[in-house]
C-alpha cells in the first residue's frame, strides 16, 4: 500500500509547499478504505471517492496513478503510474511473495519516481520532470464520447450493485468495461462489488496474464527505474 | 415508483417523475430542486449557462407540466443511460466540454469527503504543489 510512502514524503517535503492528496476509488465507501487509512494515519488529505469522480475527471484507469499539479493549479504531469511497475506480475499467487530480483525492480521504480517528485519540489518549473505543456498535451488521452458513455454506465452499475441489484448492476459494469477495456479500476471495482475478495482473485490474475507482453502499468519514459 | 437520477457526483430521488422509453419527465416545479435546472424565457438554465430549447421541438421537451430531462441532456451532448426495471437514470458528462477543459491543463476541481466526512476541494490547495494520487482497498 502506498499511503505510508506518501506520508513519508509529506513529512519530508510538506514544509516546502508540497501536499499529497490521496483519493480512494472505493464504491463501497469510507468503510472499505478505513482500515488502510487508520493504519497509515496520513496527515495529508486522504479522500473517499465512491463514484470514481477523480478517475472520470482526470482519466485515471488504475491505482496507483498520479497527476502533478503546480501552485497555479496547472497540470504538469498527466496521469501515470505512481512509482510502481509490472514486477508484481511475478508474485507467487499463493503466498504473495516476490523474488528478491523482482522486489528490487519494484523498489527501483519507486525510488526513481520519488526522486523525480523531490526534484520537482526543489526546482519547480525548472525541474526536468515538470513537463512542458506541449508534452503534457501529447501524453493526455483525449476524452471521447465513448469514454463519457463508459463512465455513465459505470455510475449506473456501481449504484445498482450498492442498491442490492447486483445482476443488473454487473450488466452495466460489463458495458463500462467493454467500452473502456484499459480501465483496471472498472474491472477490479466490479469484481470487488460482486465479492470483496474477488478483485485480487483468480479472475484478476487471469486478466493480467492475458495481457501477455502488454503492460499492466505503462512505463513512464522519462522516469526509468533505477537499480537498487 | 419514484425515479432515481444519478449524475457524476449526485444521487437524487425524483418522487413525481415519470419514465417513458428514453424520456424522463420531471414536474416543472421540481426541476430546480431536483436537478439544478430552471426554465427561463431564454431556455433551460443552470447557473449562468442557458440552453435554448430548439424551436419546433417543444413537444420533445414539454408535456403536461413536465420537462424531459433526458432529452435536454442528450441535446447538450451528455450520455444518458437507464435501467428501466428500477427506473434509475444516469446522466454523464459531455465529452467535448470535458476534453477542452482537460486540454486547457487547468486541473479540474472536485470536492470529496475524508473519513470524518469533512469536505476537501482540490482548489483549497492552490499555492501548493499537489501530488494527486489514486489508490483503492481492492
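Which whole number gives the average, over all residues in B:92-100, of C-beta atoms from other chains lying within 10 Å of the residue C-beta?
Counting Cβ atoms of other protein chains within 10 Å of each residue's Cβ and averaging gives 6.
Post the alpha-carbon centroid distance, the stretch A:205-228 to the stretch A:10-26, in whole angstrom.
25
Rank-order B:110-117, B:88-95, B:67-74, A:144-151 by packing density, defined as the average count of other C-beta atoms within 10 Å over each peptide's residues, highest first.
B:88-95, B:67-74, A:144-151, B:110-117
Can you tell me how the stretch A:58-106 classifies by the Cα gyration tensor, rounded, prolate or oblate, using a/c under 1.5 as the rounded cut?
Note, shape of the stretch A:58-106 comes out prolate.
Can you tell me what the convex hull of the Cα atoms of chain A projects to on average, as an area in nm²?
13.1
How much mean residue ellipticity at 222 nm does chain B get from its helices, if each DSSP H run of length 4 or more adds -39500 (n - 2.57) and you divide by all residues, to the nearest 500 deg cm²/dmol?
-4000 deg cm²/dmol
Ignore the peptide's own chain and count Cβ atoms of other chains within 10 Å of each Cβ in A:199-205; give me the average, rounded.
Across the residues of A:199-205, the mean count of other-chain Cβ atoms within 10 Å is 1.
Quick check on the stretch A:145-209: take the gyration tensor over C-alpha atoms, sort the square-rooted eigenvalues as a ≥ b ≥ c, and tell me if it's rounded (a/c under 1.5), prolate or oblate.
Oblate.
Taking the Cα centre of each part, how many Å lie between the stretch B:76-138 and the stretch A:85-130?
If you average the Cα positions of each part, the centres end up 27 Å apart.
As an exercise, use a Förster radius of 45 Å and the Cβ-Cβ distance of residue A:137 and residue B:32 to find the FRET efficiency, rounded to the nearest 0.05.
E between residue A:137 and residue B:32, to the nearest 0.05, is 0.75.
With 10 angstrom as the radius, rank B:45, A:161 by how many other C-beta atoms surround their C-beta, starting from the fewest.
Final ranking by Cβ density, sparse to dense: B:45, A:161.
Taking every pair of distinct Cα atoms and averaging 1/r, then inverting, what Kirkwood hydrodynamic radius in Å comes out for the stretch B:1-57?
About 12.4 Å, per the Kirkwood formula over Cα pairs.
Mind jotting down the three principal axis lengths of chain B based on Cα atoms? Whole angstrom, largest first.
Result for chain B: principal-axis Cα extents of 52, 32, 23 Å.
Report the antiparallel proportion of the DSSP beta bridges in the protein assembly as shown as a percent, rounded to a multiple of 5.
Counting DSSP beta bridges with both partners in the protein assembly as shown, the antiparallel share is about 70 percent.
Out of the DSSP beta bridges found with both residues in chain B, what percent are antiparallel (nearest 5)?
Beta bridges within chain B, antiparallel portion: roughly 90 percent.
Among A:39, A:190, A:55, whose mean-square fluctuation peaks in a Gaussian network model of chain A (Cα, cutoff 10 Å)?
A:39
Throughout, read-outs are computed from the coordinates displayed, never taken from laboratory work. If you're wondering where the values come from, they're calculated on a predicted model, not measured in any experiment. Please note: Cβ atoms are built from the backbone with ideal geometry, for glycine as well, and neighbour counts cover all protein chains shown.
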